[in-house]
1. All but one of (1) of a type outside the set (Val, Ile, Thr); (2) closer than 15 Å to residue 431 by Cα; (3) surrounded by fewer than 20 Cβ atoms within 10 Å (Cβ to Cβ) hold for residue 379; which doesn't?
2. Would a scan of segment 387-396 turn up a residue that is crowded, with 16+ Cβ neighbours inside 10 Å, aromatic (Phe, Trp, Tyr) and over 48 Å from the mean Cα position of the chain (by Cα)?
3. Hey, could you check segment 871-899 for residues that are of a type in the set (S, T, N, Q) and in contact (Cβ under 8 Å) with a residue 12 or more places away in the chain and say which is farthest from residue 827 (Cα to Cα)?
4. Within segment 900-919, is there a residue that is in contact (Cβ under 8 Å) with a residue 24 or more places away in the chain, over 23 Å from residue 858 (Cα atoms) and touching a strand residue (DSSP E or B) at 6+ places or on another chain (Cβ under 7 Å)?
5. Please indicate, with yes or no, whether at least one residue in segment 929-946 is without any contact (Cβ under 8 Å) to a residue 12 or more places away in the chain, over 37 Å from the mean Cα position of the chain (by Cα) and surrounded by fewer than 19 Cβ atoms within 10 Å (Cβ to Cβ).
6. What number of residues within segment 745-767 are within 14 Å of the chain's Cα centre (by Cα) and crowded, with 17+ Cβ neighbours inside 10 Å?
7. Identify, please: which residue in segment 93-114 is among the charged types (D, E, K, R) and part of a helix (DSSP H, G or I) and is, among those, surrounded by the fewest Cβ atoms within 10 Å (Cβ to Cβ)?
8. Considering each of 90, 140 in turn, give the residue that is surrounded by fewer than 20 Cβ atoms within 10 Å (Cβ to Cβ), among the aromatic types (Phe, Trp, Tyr), over 24 Å from residue 237 (Cβ atoms) and within 42 Å of the chain's Cα centre (by Cα).
Amino acid sequence: MTGIGGFVLDPPTVHRQRWTRWLRRVRRIVWGRDDAAVPFVVLCYPRTGSNWLCGMLYQHPEILMHNEVFNENCVHTYFKEDFQRNHWDYENRDVDPEGFVDFIFDSRYFSKKPKAIGYKSFPNHYQQRSIPLATLEEVYKRRILEDPDVLKIIFRRENVLRAYVSLCRSFETGMYTTASYQDCRIHINVAEMQRFVDRYSAAYETYWKQTRWHPRCIVTYEDLIRDNESLRTAMAKIWKLLGVHDMEPKALSECQPQSIIEAPLWDAIRNYDEVEFACRHDPKLRQCFASGRVSNAGRSPTVDHFSHTIHRDLKVTPETYKWALLIPVRSGRNESIHECAGRLKRMYMSILTTSRPALHAPLLLFGVDDDDDALFNGDLIRSIFKDLPVQVEVFSGLQGKICKIWGLLAALAYEKHGAHFTCLLGDDVVIQTSRWQEKIESEFNAIARDESLPLGAACVAFVDESFRGFPSFPVIHKWHFETFGSVLPPSFTNQGGDPFLFELYKRLGASRFALDCSLVNTIGGKHTARYTKQSLRFEGDMLSSAISSLLKAIDNSVENGTKIQRPLSLKPRMCLDVVVPTYRCDIQKLRTITSLRASWPAQVSFWLVLDNPTHSNAPTVRDMQNVGQNYQVNVLEQFTATGVPRNVGASAARNFGMALSMADNVVLLDDDVEPDGNLLDAYLGAIMRWPDASVYVGSTKMPYPTNWLTHALVAGDMVGTYTVAERMRNPPWGVTANLCVKARTSRIRFDLSYPKTGGGEDLDYCARAARHGPIHAVPGAKAFHPWWHDGEISAIRHILGWAKGEMQCVTKPWFRQHTFFSMPNGAEILFMIVLFGIPLTLLLCRFRMTLRLLLSCFAILCFEMFWHASRIGGHRIRSPMKESLVRSTMVRLLAASIMMLQEGTRFWHVLHSPSCILWRIDWHFGQSPDWVVYSKRNNFLRTLLFIALIYKIGMAS
């Protein structure tokens, strides 16, 4: 004995003879099934209705049906006395799994003498790796799953969402078999639901593979519950498999279904709208809603995270609001006192003429550096702003630290002067709109009303005519200061304060531009003489932490001394930006992209990176910029040191757009694609279901082939990676024509060493991104891509251009895990003969040998072409080419020629890095190890054949 928690090392069955199961097999062979009971197992998943099925199997007089005998916590069985009499419990089972398997399938130990003995199994029943010295998993796989003598009944539920709802209801009620769930309504975490779906799908995929060549029967829960005829048909299949007589199925009373399959899902799920939206564009999950979906008009609306049922009367009394303008001011180094005074006078006149009358005029709080001789004593400021309330504060050691000065002035405004609103201004601002205070106050009240937020939980920015679309000079309410204790975190120095505040409230839909309030930033960031910019990367952890604090504060918010009751905890609104580098400047397609909309509350911005400033449509692209509360269009350009717009390439343009975007995720689109109208919805739903993913791969459709070249490209599957999302749940990578990646929380950017026109950068990016999160396919995110160069012969040059970038991947140290060494292929051998063999024979004047080498090259070329052509599946050849043997053969040969050209191009470019010669890219990124073995073997055999050909033809005397 040992002292580990009743862990019995010497159970009664340790000395049981192992020849029992072999004797059973012999008896079955000699005397047939009637003498020995047929072993079987029901392979299923929790909450699929397996208890109901097991109850009907138990009721059959010729079947001995156990239950979850391999459950980790306990041996569940209908024959407890027989198990106890033979001293079997979960401890003895885990110590002696061989003997346990012999016991459960041997009818001699049970009072019932059946023709078939079985039990049910879940995927986690045998994966108990924490049990010391246990060999349960190995025995289970060998004796049960891999043994064809054990019959398999695969039982599943087609509607996986209902299985998950049943699981959540069982956790909610604590009842797993008897209680009705009809009155239990649950809230579903979409990400948790998707994890269940992924495990569910993986389990049944494993079942299919393990039992492919075994006697098996596949039954669904829907077959059993649809009607009596369907139930009898399904059970008849099971009776036939087990070799027992047919009978009317009868279920145990305690194993009846706990929910009605026809009951609509919205009666069970409180956040049904959110769940339905997340699954709407997934081809498999969408079917789960097909039988229970009605229009919103036919039922009461469900509550979601973004529309809270809070009603209150917001009484707007502008006269009670106090304003303070926070203005750090400094005279320029090369600026005269008259120029400084002129700048302040322009500001004074704009404030005086656009703000409220003197009684309710805003307080102007100026922050001055103690080393500013022109403004130190404040006399100049007071003399200029004589008709407005002014206070001048002098700060020491804060030269150029604008954000810190804003923070100190804000504390003074809120704590000492009782201000309700503060605006973070600069000393070079000219306000152009009258009655701007009332308009901004109206925006704050509208946000509180529309979003059901506390009054003041918002950020409203002027429209800066100098930097349209940038939230310069935001207005903040006292609520923000009381919640965070300061206007800005202490890490901010002089950059990033205004976009930080705007992005913070953007997650609540509470960041807005006051579209009818504009100002001009006369100097702004155009000149840096007055201070040195100190940028801060706040969009990562700093912004995430602030968002979390903001959500907690709003959940605990109090109005009129009473805590606001919300039906659900507040969740941040998703921010999804679209970045499009444009070189072609196709206005029609760009407008199609910028017209994309989401049907779920989300904050979306478009970033058009103009990468061809000399294009005739470039001015029209620039005119597409517009400022809006949502779906704002921003047009960006990159400039040389002298301020001239320049072409930087697709990767650099994407990086530029991603760097300026503060969204949680960014959709990358090429400027020549036409996105499906539901593209944003599909990506948003995928983000809900897989929030931890690093890359989401959409499906990019190519047109139907129209000529010989396009037919060859389709037949050779050279465009297959564009639709990889439709074939793989977790593709290794995706093309940048239609991709969604992490934005503000990721520092991964495209490597600029790849070709400007593209090629290899998507492989490289996905390989690095996969280290930080999985890659998921989003087949519902569709975009349509035209044929390059309209499918003309010049498109081959574009396709071969990919090869240069692809081979650059091999040279990257971080990419070595996705490469392997292999013998040369036919194209590489041809290149080596042409580059080295033939010049050498010509140099030695061995012209006959040169001709023989040329003949061997022709033989290798023919063999290689027919090799590639033979590997092209007939299903990839489209009509009308496949109707004719001649035309289909020509398409195969043309596709094989393009493949060889790609291989030769890769070899040519890798010659610049001799250490990488003969290293290949594993296109599957380790997901298909058999493919690497297959490639190595084929290249090795072909290399031996080519060497023999060269020796026989080229070297023979």
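1. Against the list (1) of a type outside the set (Val, Ile, Thr); (2) closer than 15 Å to residue 431 by Cα; (3) surrounded by fewer than 20 Cβ atoms within 10 Å (Cβ to Cβ), residue 379 comes up short only on (2).
2. no
3. First, the residues of segment 871-899 that are of a type in the set (S, T, N, Q): 879, 884, 888-889, 897.
Remaining after also requiring in contact (Cβ under 8 Å) with a residue 12 or more places away in the chain: 888-889, 897.
On the way: 888: 23, 889: 21, 897: 10 Å.
The qualifying residue farthest from residue 827 (Cα to Cα) is 888.
4. yes
5. We begin by selecting, within segment 929-946, every residue without any contact (Cβ under 8 Å) to a residue 12 or more places away in the chain; these are 929-931, 933-934, 937-938, 941, 944.
After this cut, where a residue has to be over 37 Å from the mean Cα position of the chain (by Cα) as well, the list is 941, 944.
Imposing the further condition that a residue be surrounded by fewer than 19 Cβ atoms within 10 Å (Cβ to Cβ) reduces the set to 941, 944.
The answer is yes, given that some residue of segment 929-946 is without any contact (Cβ under 8 Å) to a residue 12 or more places away in the chain, over 37 Å from the mean Cα position of the chain (by Cα) and surrounded by fewer than 19 Cβ atoms within 10 Å (Cβ to Cβ).
6. The first filter runs over segment 745-767 and keeps only residues within 14 Å of the chain's Cα centre (by Cα), leaving 745-746, 766.
Then keep just the ones that are crowded, with 17+ Cβ neighbours inside 10 Å; that gives 746, 766.
Residues that pass the stated criteria total 2.
7. Checking each candidate, the answer is 108.
8. Details: 140 fails: surrounded by fewer than 20 Cβ atoms within 10 Å (Cβ to Cβ).
Result: 90 is the single residue among 90, 140 that is surrounded by fewer than 20 Cβ atoms within 10 Å (Cβ to Cβ), among the aromatic types (Phe, Trp, Tyr), over 24 Å from residue 237 (Cβ atoms) and within 42 Å of the chain's Cα centre (by Cα).
The values are calculated or read from the model by the stated rules, or taken from the named source; none is laboratory data. Since we're looking at a predicted model, the values are computed, not measured. Cβ coordinates were reconstructed from backbone atoms using ideal geometry, including for glycine residues, and neighbour counts include every protein chain displayed.
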